């Protein structure tokens, strides 16, 4: 037994959780958690630790906009060799979380500045330790390999081991509204992080003249409606022994009741590709269904124009019209060479974006790109530039206070 094991706060009323997010979005997720009334412990390099009871665990899964996953921290302990790792993982009361018929998969190992640096060895030892405990407690010869599998993660930093259990299942950026994503779409959580980092609020106009499949504008619509992004999906938490179906339904209903379609919102989307705009309109219709508490429809569809909906048009960026006299925000994800098309075409597109300063004079501008030289092609240095990840891609979020 590892006598140095730290049991994180997780009585019947409190759990220690980790929200994973894009590197660069930690502050956004931390602020979201605080707005939910949750206590943040620490944050850094793509994660934020916080505490929550089971109701707020469901709330964080459903309501966080910029988090990619929520993990339950089961233990933290020091391990300088594999015996200590085995003992520490085996000491976790796995039988309190996993049903008898559940299998195990150690899906992710990360090790940094630790004596245990072989990720495959750490993976094998951790799996064996957890399986040994469960088989002993349940009287099994071996775990079920064909049914549900609990997703385990082991993180080591300076010999400190964190044992984590995934509560999300599918990543949280899979909201359920995207029927099609077009070419290399932006993650929903990254789009939400851009909106929250930009300073945009629903009282301001927002335009995306290169909307593609509409991720940025749809995330803005969800925000404007006060619709939690996870209302239309299930979570891996439902398969665990700590799940509370009645409480999950109660939290879901509370969040659903907050949705407000009565507001007039000023969201504008355009793209030169008619098919992309059609995909966006279908994705928007599905997002509206989910926010309404309905099962989203399949197939191509289009909502009737309404003051509570974004306006979508087929239009080249150079021909975009300023829809309002009020100062607003342009937040966009222009095509770039590695994502789609040719690198030189992308750079030409960056140059052409200068036209926006005439049409949308004095508006804020936020642009995400993988190109470290975007500013030179656009013709102006950004007021700020933040590195942010979109999956495995390293991107830059350029912000201009005035076009």
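State yes or no: is residue 403 touching a helix residue (DSSP H, G or I) at 6+ places or on another chain (Cβ under 8 Å), surrounded by 18 or more Cβ atoms within 10 Å (Cβ to Cβ) and part of a loop (DSSP other than H, G, I, E, B)?
Yes; evaluated as a whole, the condition is true for this residue.
Could you list, in sequence order, the residues of region 283-306 that are assigned to a helix (DSSP H, G or I) and touching a strand residue (DSSP E or B) at 6+ places or on another chain (Cβ under 9 Å)?
284
Residue 253 - would you say it is farther than 30 Å from residue 353 by Cβ and out of contact with any strand residue (DSSP E or B) (no Cβ under 9 Å at 6 or more places or on another chain)?
yes
Which numbered condition trips up residue 62, out of (1) in contact (Cβ under 8 Å) with a residue 60 or more places away in the chain; (2) touching a strand residue (DSSP E or B) at 6+ places or on another chain (Cβ under 9 Å); (3) buried (at least 16 other Cβ atoms within 10 Å of the Cβ)?
(2)
Would you point out the residue of region 363-385, among those that are crowded, with 18+ Cβ neighbours inside 10 Å and part of a strand (DSSP E or B), that is farthest from the chain's Cα centre (by Cα)?
Among residues in region 363-385 that are crowded, with 18+ Cβ neighbours inside 10 Å and part of a strand (DSSP E or B), the one farthest from the chain's Cα centre (by Cα) is 364.
Among the candidates 224, 272, which residue alone is touching a residue at least 12 places away in the same chain (Cβ under 8 Å), assigned by TED's automatic domain parsing to the domain that holds residue 321, crowded, with 18+ Cβ neighbours inside 10 Å and within 30 Å of residue 400 (Cβ to Cβ)?
Details: 272 fails: crowded, with 18+ Cβ neighbours inside 10 Å.
The match here is 224.
Given the conditions (1) modelled with pLDDT under 95; (2) part of a loop (DSSP other than H, G, I, E, B), and given that residue 309 satisfies all but one, which numbered condition is not satisfied?
It fails just one condition, (1).
Going through region 142-158 one residue at a time, which ones are in contact with a helix residue (DSSP H, G or I) (Cβ under 9 Å, 6 or more places away or on another chain) and either modelled with pLDDT of 95 or more or not assigned by TED's automatic domain parsing to the domain that holds residue 47 (or both)?
150, 151, 152, 154, 156
Here's a check for you: in region 312-328, which residue that is closer than 21 Å to residue 224 by Cβ and assigned to a strand (DSSP E or B) is farthest from the chain's Cα centre (by Cα)?
Filtering first and then ranking leaves 313.
Only one residue in 249, 297, 302 is free of Cβ contacts under 8 Å to residues at least 12 places away in the same chain and farther than 15 Å from residue 220 by Cβ. Which one? Walk me through it before giving the result.
Values: 297 fails: free of Cβ contacts under 8 Å to residues at least 12 places away in the same chain; 302 fails: free of Cβ contacts under 8 Å to residues at least 12 places away in the same chain.
Going through 249, 297, 302 in turn, just one is free of Cβ contacts under 8 Å to residues at least 12 places away in the same chain and farther than 15 Å from residue 220 by Cβ: 249.
Condition first: outside the structural domain of residue 328 (by TED's automatic domain parsing), buried (at least 17 other Cβ atoms within 10 Å of the Cβ) and closer than 26 Å to residue 27 by Cβ. Can you find one or more residues in region 234-249 that meet it?
Yes, some residue in region 234-249 is outside the structural domain of residue 328 (by TED's automatic domain parsing), buried (at least 17 other Cβ atoms within 10 Å of the Cβ) and closer than 26 Å to residue 27 by Cβ.
The values are calculated or read from the model by the stated rules, or taken from the named source; none is laboratory data. Since the model is a prediction, treat every value here as computed from it, not as a measurement. All Cβ positions, glycine included, derive from the backbone under ideal geometry; neighbour counts span all protein chains shown.
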